[in-house]
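The values are calculated or read from the model by the stated rules, or taken from the named source; none is laboratory data. Note that the structure is predicted; figures quoted are calculated from it, not measured. Cβ placement follows ideal geometry from the backbone for every residue including glycine, while neighbour counts extend to all protein chains displayed.
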Amino acid sequence: MTKLAKLKKLRIKTNFRKQKQAAIPPPPPKQIPRGLKIIEKYPLYEPFAHVAIGQNPKTGEYKYILDELQLDPLERNIYNRVLAILLAEIESPKEEVLDPRKFFAEEAKKVVDKYRISLGWLPDVSWYKILYHAERDLVGYGRIDPLMRDPNIEDISCDGVNKPVYIWHRKYESIETNLEFETDEELDNMVVKLVHMAGKHVSSAFPIVDASLPGKHRLAVCYRRELTPFGTAFSIRKFREDPYSIIDLINLGTFSEEMAAYFWLCLENRASIMVLGGTAAGKTTALNALACLIKPGSKIITIEDTAELNLPHENWISLIARQSYGLGGSGVGEVTLFDLVKTSMRHRPDVLIVGEVRGQEAYVLFQSLATGHGGMCTMHAEDLNTAVKRLTQKPMDIAPAYIPLMKIVLSIQRVHLTKGREKKAGRRVLNINEVADYEDYKCVFKWDPVKDEYSPEFNTSTMLPTISERVGVSKKELLAEIERRKDVLHWMRERNIRSYKDVAAIIAEYYARPERIYEKVLAGEEVKAIAVS
Ligand SMILES: Nc1ncnc2c1ncn2[C@@H]1O[C@H](COP(=O)(O)OP(=O)(O)O)[C@@H](O)[C@H]1O
Ligand SMILES: [Mg+2]
């Protein structure tokens, strides 16, 4: 029998009840609650971690049941000794390592091979389990490590001790897991470790941390009971290595091909764009996908609190704000978004992108728009009116006359879609407005929730006449250009060209030689010929 097959067999044998008997810390996952109907199962990390999605037939509620191979008491005992040896023996790498987990796995195997006999006899499968747990706990994310491996999970949050960890699942939305931290010590230790992984410090004196974990996952912490009576709370917003491209967002129904083509044309002509929406509506994701439509070669500066944006452009500077490292709110060493936006002006960007505007940085961003730079940002607001109200009040304090400098504003929202009898969660751009003047908005796209479609309205557009004047082509020709770009996007979708790098390559080629790409598109089977007037 191969080692993998042995492990799989062992996995089948390991049932939840057996794990409960081995009540040695850390606690094993809770037994599958009775009466839950398992509706889906998938592996997270073969053969060590799997997940089952259970549903309560009465309430319809879902539960995420993590099933991870646990160590039995004998294995746990040896594991503790192995951990001590590993900590003493593994030396820091001499050169920078790209993949710390791989480095650790290799080194740990060497150490274990050296001490294996003196530690006592265990079957191979037990050693695999011990090494898995050591890697998970020393260089991984500890008990939430399997959740970090699940691509379906967008957010992980823990509200305190003895409360289930919640996740935001792509398919089932916000659901409870069977993972729980049972003691303050266990939870605090894990959070301190996560914060250290992010290269930051957390303590009772500095209980609030906002940090970026390796892999760019965003971590927010409220430590101990200083601020949260239930004990340490944390949230992780997972970062997608492979960000959603505009093609992905069209496939998800968030954008239509025509909307994307419209943005592409506007961005080529330096239009400024603002994305509005609530928490986790998909603002940053939309901003990132739109920014990929900016002409390659443009100088782009992005400014964020935590690094989330990921652009294909060569000429891109990413600036990240820094928290103070001084004591007691002294602000020593702090570099704010405001500082960064101010300094970025000296680098003369073609487009300045601010991840999320909240304060004075908005004022500087609008000033930079006034001096002819391109700009993009997101803002936490439900709709355009609320956003403008906040922009014109303190601390942003932007003069009403400056508001129309932000040319296009889109609102994005998490919505529930009903397809036949099925209910599904999705993200939709509710509307796209052009700002003609202060309090004068022209809606160019609107989402129809019944048909789940977008209807364009270019008659009142102010962007198209502006572009028409700027580049000296008629509005009719611009509309034809939108149609052509729409075909190019459609052609990419048909060919499953979707990764943000591949999409960027086609977009770059279209900027350089539009006719060549368009000829390819026209040559495609299902693409209708467009009269190029
Ligand atoms: N259009 C979309 N369709 C499906 N999932 C999305 C979409 N936009 C964003 N997401 C997911 O939602 C989560 C939150 O997105 P994000 O853009 O960070 O939201 P915000 O910036 O509004 O807080 C991320 O995990 C992201 O992968
Ligand atoms: Mg965001």
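A few comments on the model shown:
- Breaking point among (1) farther than 15 Å from LEU131 by Cβ; (2) in contact with a helix residue (DSSP H, G or I) (Cβ under 8 Å, 6 or more places away or on another chain); (3) surrounded by 12 or more Cβ atoms within 10 Å (Cβ to Cβ); (4) at pLDDT below 90, for GLU89: (1)
- Looking at ALA22, ALA49, just one residue is modelled with pLDDT of 95 or more and within 30 Å of ASP184 (Cβ to Cβ), and that residue is ALA49.
- Selection count where residues are in contact with an Asp or Glu (Cβ under 9 Å, 6 or more places away or on another chain) and under 10 Å from MET274 (Cβ atoms), scope the stretch 363-387: 3
- ILE144 β-branched (Val, Ile, Thr), within 22 Å of GLU75 (Cβ to Cβ) and in contact (Cβ under 8 Å) with a residue 40 or more places away in the chain: yes
- Scope the stretch 341-363; condition surrounded by fewer than 22 Cβ atoms within 10 Å (Cβ to Cβ) and without any contact (Cβ under 8 Å) to a residue 40 or more places away in the chain; matching residues: LYS342, THR343, MET345, ARG346, ARG358, GLY359, GLN360, TYR363
- Residue ID - nearest to ligand 1 (Cβ to nearest atom), chosen from residues in the stretch 163-175 that are surrounded by fewer than 17 Cβ atoms within 10 Å (Cβ to Cβ) and closer than 18 Å to ALA425 by Cβ: ARG170
- The residues listed here are SER461, SER499, SER468; of these, the one that is within 30 Å of GLU241 (Cβ to Cβ) and of a type outside the set (A, V, I, L, M) is SER499.
- Selection status of TRP121, buried (at least 18 other Cβ atoms within 10 Å of the Cβ) and of a type in the set (A, V, I, L, M, F, W, C): no
- Subset tally (residues that are over 24 Å from the mean Cα position of the chain (by Cα), among the charged types (D, E, K, R) and surrounded by 21 or more Cβ atoms within 10 Å (Cβ to Cβ)) for the stretch 128-162: 1
- Counted residues, the stretch 279-300 - those being within 10 Å of ligand 2 (Cβ to nearest atom), touching a Leu at 6+ places or on another chain (Cβ under 9 Å) and small (Gly, Ala, Ser): 2
Each row is one residue, and each column tells you yes or no for (1) within 19 Å of the chain's Cα centre (by Cα); (2) among the aromatic types (Phe, Trp, Tyr); (3) part of a loop (DSSP other than H, G, I, E, B).
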{"site": "VAL191", "(1), (2), (3)": "no, no, no"}
{"site": "SER204", "(1), (2), (3)": "no, no, yes"}
{"site": "PHE239", "(1), (2), (3)": "yes, yes, yes"}
{"site": "LEU249", "(1), (2), (3)": "yes, no, no"}
{"site": "ALA260", "(1), (2), (3)": "no, no, no"}
{"site": "CYS266", "(1), (2), (3)": "no, no, no"}
{"site": "ALA280", "(1), (2), (3)": "yes, no, yes"}
{"site": "THR284", "(1), (2), (3)": "yes, no, no"}
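- Residues located in the stretch 206-225, provided they are outside any loop (DSSP other than H, G, I, E, B) and not small (Gly, Ala, Ser): ILE208, VAL209, ASP210, ARG218, LEU219, VAL221, CYS222, ARG224, ARG225
- Matching entry among GLY359, GLY375 (being under 23 Å from PRO296 (Cβ atoms) and either at pLDDT 90 or above or within 16 Å of ligand 2 (Cβ to nearest atom) (or both)): GLY375
- Those residues of the stretch 221-278 which are within 23 Å of ALA211 (Cβ to Cβ), more than 16 Å from ligand 2 (Cβ to nearest atom), in contact with a Lys or Arg (Cβ under 8 Å, 6 or more places away or on another chain) and not hydrophobic (A, V, I, L, M, F, W, C), in sequence order: GLY231, THR232
- Taking each residue of the stretch 383-395 that is under 13 Å from ALA362 (Cα atoms) and looking for partners that are surrounded by fewer than 20 Cβ atoms within 10 Å (Cβ to Cβ) and of a type outside the set (Val, Ile, Thr) with beta-carbon atoms closer than 6 Å, six or more apart or interchain, yields THR392/PRO400; PRO395/GLY359; PRO395/GLN360.
- Summed over the stretch 402-418, residues that are closer than 19 Å to THR466 by Cα and touching an Asp or Glu at 6+ places or on another chain (Cβ under 9 Å) total 5.
- For the criterion of being more than 16 Å from ligand 2 (Cβ to nearest atom) and either of a type outside the set (A, V, I, L, M) or at pLDDT 95 or above (or both), ASP305 fails.
- Filtered by the rule that a residue be out of contact with any His (no Cβ under 6 Å at 6 or more places or on another chain), of a type in the set (S, T, N, Q) and modelled with pLDDT under 95, the stretch 124-161 gives a lone residue, SER126.
- Among (1) within 15 Å of ligand 1 (Cβ to nearest atom); (2) in a strand (DSSP E or B) - the single one LEU319 does not satisfy: (1)
- Pair list, Cβ under 6 Å, 6 or more apart: the stretch 273-298 residue touching a residue at least 24 places away in the same chain (Cβ under 8 Å), other residue within 13 Å of ligand 2 (Cβ to nearest atom) and assigned to a helix (DSSP H, G or I): VAL275/LYS283; VAL275/ALA286; VAL275/LEU287; GLY277/LYS283
- Count of the stretch 286-315 residues which are within 12 Å of ligand 1 (Cβ to nearest atom) and either part of a helix (DSSP H, G or I) or among the hydroxyl-bearing types (Ser, Thr, Tyr) (or both): 6
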